[in-house]
Amino acid sequence: MKFENYVPKGKLNNKHLLTLKDYSKEEIYEILHLALKLKKEYKQGIKHEILKGKILAMIFAKSSTRTRVSFFMGMKQLGGDSLFLSTNDIQLGRSETIEDTAKVISRMGLSGIMIRTFLQSDAEALAKHGSIPVINGLTDDYHPCQALADILTLYEHKRKISGVKIAYLGDGNNVAHSLMIISAKLGIKFAAVCPKGYRPNPEITKYCLDLGGDITVTDNIPEGVKDSDVLYTDVFFSMGQQKTKEKEMALMPYQLNMDIYRMAKPDAITMHCLPAHRGEEVTEDILDGEMSVVFDEAENRLHAQKAVLALLMGDNIQQLYQ
Ligand code: CP
Ligand code: NVA
């Protein structure tokens, strides 16, 4: 079924958002559909209080601008509240276990937890040992909220989802993994154009191929970029990674620049999850050029996550559709 024909159900079967692996195509459509609706209504000044009385704990073990602001504003705009918890300040950062943290936070009347951390297993443990929904706000392996905002942006610009081709250039990292998964689920062609040694995790690639995804992993730039509607890149060095000359030299030929842009479809758009390093993984003329939709992606973090928050934490989603 195409996204355009999807009729929302006003519910999700999932309790958490950890990787998107356990989400069906329809459930991803459900989120995107609500995100578009909430975005439109927000711009029209229509207010919702679906999360009134709900508070989201936001645990950050890594820096953030977009994730922090969008979750804070998303909760506020839906009538709820949030609690910022940096691991520099809470006991989790002083070796209290994730299991104990999950149990404690679950007993304080909070309605959900967003976590940005290093180990995916920590986000999973939080979900396992707590009793409230957990949303992955980025781990070393995945960034599902970013992937949802990116596909929302892609749809707004291309008016279609399945059949579109995304070429991701550079480091096969957390952002690449989540984009690959969402692409496989939604029938988007995905090419990871990465040098050897910096390809996406082969287990995640296999998972996507086993789903029947149209996935290519290649170090051949013209081959990977050919016919693409979207060119995507991300930083060479993700948070927590050691900067090395070796990695920089391996990735530099994959810099998203005009020479590579010309190999894609003439109306291709360019994407980046931000923060960006102009002159490193992407050139200024691409990031700030007409083809760039990076600030739409950043804004769409807000709208996509409002849909996720409402669906995971809202008591009566149907009221949004009345
Ligand atoms: N794209 C993204 O997640 O940005 P932040 O690191 O600023 O949250
Ligand atoms: N891959 C980057 C994404 C930042 C939003 C990182 O993990 O640092």
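Every number here is computed from the coordinates shown, using simple stated rules; none is lab data. Everything numeric in this text was worked out from a predicted model, so none of it was measured. Positions of Cβ are backbone-derived with ideal geometry, glycine not excepted, and every protein chain shown enters the neighbour counts.
I'm checking my understanding of the structure. Among residues of region 131-168 that are touching a residue at least 60 places away in the same chain (Cβ under 8 Å) and of a type in the set (Lys, Arg), which one is farthest from residue 231 (Cα to Cα)? Among those that are touching a residue at least 60 places away in the same chain (Cβ under 8 Å) and of a type in the set (Lys, Arg), it is 160. Return the residue satisfying two criteria in turn: it lies in region 268-279 and is surrounded by fewer than 21 Cβ atoms within 10 Å (Cβ to Cβ) and closer than 18 Å to residue 65 by Cβ, and of such residues it is farthest from ligand 2 (Cβ to nearest atom). Only one residue tops the list, namely 278.
Of the residues making up region 226-259, those that are part of a helix (DSSP H, G or I), crowded, with 17+ Cβ neighbours inside 10 Å and out of contact with any Leu (no Cβ under 7 Å at 6 or more places or on another chain) are 247, 250, 251. Could you look through region 186-218, keep only residues that are assigned to a strand (DSSP E or B) and among the β-branched types (Val, Ile, Thr), and pick out the one that is nearest to residue 245 (Cα to Cα)? Going through the qualifying residues, I end up with 193.
Checking the structure you have, find out if any residue of region 233-253 is within 16 Å of ligand 1 (Cβ to nearest atom) and touching a strand residue (DSSP E or B) at 6+ places or on another chain (Cβ under 7 Å). Yes; the residues of region 233-253 include at least one that is within 16 Å of ligand 1 (Cβ to nearest atom) and touching a strand residue (DSSP E or B) at 6+ places or on another chain (Cβ under 7 Å).
Take region 59-82 and flag every residue that is in a strand (DSSP E or B) and either within 15 Å of ligand 2 (Cβ to nearest atom) or under 19 Å from residue 238 (Cβ atoms) (or both). Selection gives 59, 60.
Checked against the criterion of being part of a loop (DSSP other than H, G, I, E, B) and aliphatic (A, V, I, L, M), the candidates 20, 36 yield just one match: 20. When residues in region 37-83 are screened for being among the hydrophobic types (A, V, I, L, M, F, W, C), away from ligand 1 (no atom under 13 Å from the Cβ) and within 25 Å of residue 142 (Cβ to Cβ), 9 of them pass. Screening residue 148 on (1) assigned to a helix (DSSP H, G or I); (2) surrounded by fewer than 24 Cβ atoms within 10 Å (Cβ to Cβ); (3) within 15 Å of ligand 2 (Cβ to nearest atom); (4) not small (Gly, Ala, Ser) shows it passes everything except condition (2). Residue pairs whose Cβ atoms lie under 8 Å apart, sitting 6 or more positions apart in sequence or on different chains, and linking a residue in region 66-95 that is farther than 19 Å from residue 46 by Cα and free of Cβ contacts under 8 Å to residues at least 60 places away in the same chain to a partner that is assigned to a strand (DSSP E or B) and more than 16 Å from ligand 1 (Cβ to nearest atom), are 82/55; 82/57; 83/55; 83/57; 85/57.
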